[in-house]
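Single-structure report; data block below.
The values are calculated or read from the model by the stated rules, or taken from the named source; none is laboratory data. The structure presented is a predicted model; accordingly, all values stated were derived computationally and were not measured. With ideal geometry, Cβ positions are generated from the backbone for all residues, glycine too; neighbour counts draw on all protein chains shown.
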Amino acid sequence: MYFIERLKGFCLLQETKIMKYPLLLICLLFSGCSVLTPVRVLPEKSSAVTLSFGGPYVPSASPTGVIPYTTIGYAYGYKDNVTLSGNFHVLSAIFKTPGVDAGIVFRAQRQNGNYPEITIYPKLYFFHDFSESKNFRCFPDIACNFSYSISEKYLAYAGLDYIMQLTRPEHFITPFIGFAFPCFTSVSGQVEMKWMASNADTKHGVFEGESSLNGKGTIGLFAGVSYAF
């Protein structure tokens with residue numbers, strides 16, 4: 001993808017034939033890339049706007065230590081147990097490959113005593129490379145999140161994210177853990193760490209195993225804010 005080539009140059013990565021790794025790159029950069037996907041559903045008829053920043057941890061390739069992937073999102077509490085959510089992928093648009101994702105957050109179980117709250121989040125990623133009119137991609141994704149209220153204001157959570165490609169039998173699994181906390185009135189913050197594409201061999205190639213675990217996947221670091229109204 002043209003965006004991937006431009007982004008790699010932007011991040012000062014070494015020259016590589018990255019077209020050999022299209023799905024892996026997309027997964028590493030996009031899988032769960034919107035950190036502020038609602039950890040829990042919103043109250044009915046309420047809304048939230050979000051801003052998130054982060055990506056794979058590659059300290060030798062980026063001044064910030066991570067790929068500076070940025071998204072802006074919106075979520076709406078459609079029903080008590082259902083929230084609609086979508087994000088616009090800012091950095092990909094800058095590099096002429098605009099992308100969006102959209103999905104529905106379902107609450108499968110409320111927190112009850114020592115049992116965490118469980119949410120399921122199926123969504124679709126859409127990307128289009130304007131340098132090639134036929135280069136349109138859609139990636140189904142589903143996440144399962146387990147969250148627990150430490151107090152009335154603080155949430156810890158963990159879960160799994162699964163993304164697949166429609167045109168070939170490849171899929172990637174991303175475990176994640178995170179913490180949500182209040183900042184100001186109606187404003188909350190969130191930090192998250194992911195083991196992105198944990199089932200993919202990343203000892204060599206684009207990110208050269210900089211933050212892989214046992215040669216698999218890469219560590220991603222994310223942060224963001226959300227304004228509810």
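The residue that is farthest from PHE106 (Cα to Cα), counting only those in region 73-82 that are of a type in the set (Ser, Thr, Tyr) and surrounded by 15 or more Cβ atoms within 10 Å (Cβ to Cβ), is TYR76.
Among residues of region 154-183 that are crowded, with 21+ Cβ neighbours inside 10 Å, those with a Cβ under 7 angstrom from a residue that is among the polar types (S, T, N, Q) and not in a strand (DSSP E or B), sequence gap 6+ or separate chain, pair up as ASP161/SER31; ILE163/SER31; PHE172/SER31; THR174/SER31.
The rows are residues; the columns are (1) hydroxyl-bearing (Ser, Thr, Tyr); (2) at pLDDT 90 or above.
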{"residue": "ALA75", "(1), (2)": "no, yes"}
{"residue": "LYS79", "(1), (2)": "no, yes"}
{"residue": "VAL82", "(1), (2)": "no, yes"}
{"residue": "SER85", "(1), (2)": "yes, yes"}
{"residue": "ALA93", "(1), (2)": "no, no"}
{"residue": "ALA102", "(1), (2)": "no, yes"}
{"residue": "PHE106", "(1), (2)": "no, yes"}
{"residue": "ARG110", "(1), (2)": "no, yes"}
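Residue by residue, here is whether (1) under 20 Å from SER226 (Cβ atoms); (2) in contact (Cβ under 8 Å) with a residue 60 or more places away in the chain; (3) of a type outside the set (D, E, K, R) holds:
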| residue | (1), (2), (3) |
| --- | --- |
| LEU84 | yes, no, yes |
| ILE94 | no, no, yes |
| ASP101 | yes, yes, no |
| ARG107 | yes, yes, no |
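Taken as a whole, the structure places SER85 among residues that are surrounded by 20 or more Cβ atoms within 10 Å (Cβ to Cβ), touching a strand residue (DSSP E or B) at 6+ places or on another chain (Cβ under 9 Å) and among the small types (Gly, Ala, Ser).
Check whether at least one residue in region 145-165 is of a type outside the set (Gly, Ala, Ser), at negative phi and touching a helix residue (DSSP H, G or I) at 6+ places or on another chain (Cβ under 8 Å), and report yes or no. Checked region 145-165: at least one residue is of a type outside the set (Gly, Ala, Ser), at negative phi and touching a helix residue (DSSP H, G or I) at 6+ places or on another chain (Cβ under 8 Å).
Among the residues of region 122-142, none qualifies, meaning not one is within 22 Å of VAL191 (Cα to Cα) and of a type in the set (S, T, N, Q). Scanning region 207-214 turns up no residue that is more than 17 Å from the chain's Cα centre (by Cα) and at pLDDT 90 or above. Restricting ALA108, ALA143, ALA156 to residues that are small (Gly, Ala, Ser) and within 15 Å of the chain's Cα centre (by Cα) narrows the list to ALA143.
Report yes if THR97 is buried (at least 20 other Cβ atoms within 10 Å of the Cβ), within 18 Å of the chain's Cα centre (by Cα) and at pLDDT 95 or above, otherwise no. Taking the combined requirement at face value, the residue does not satisfy it.
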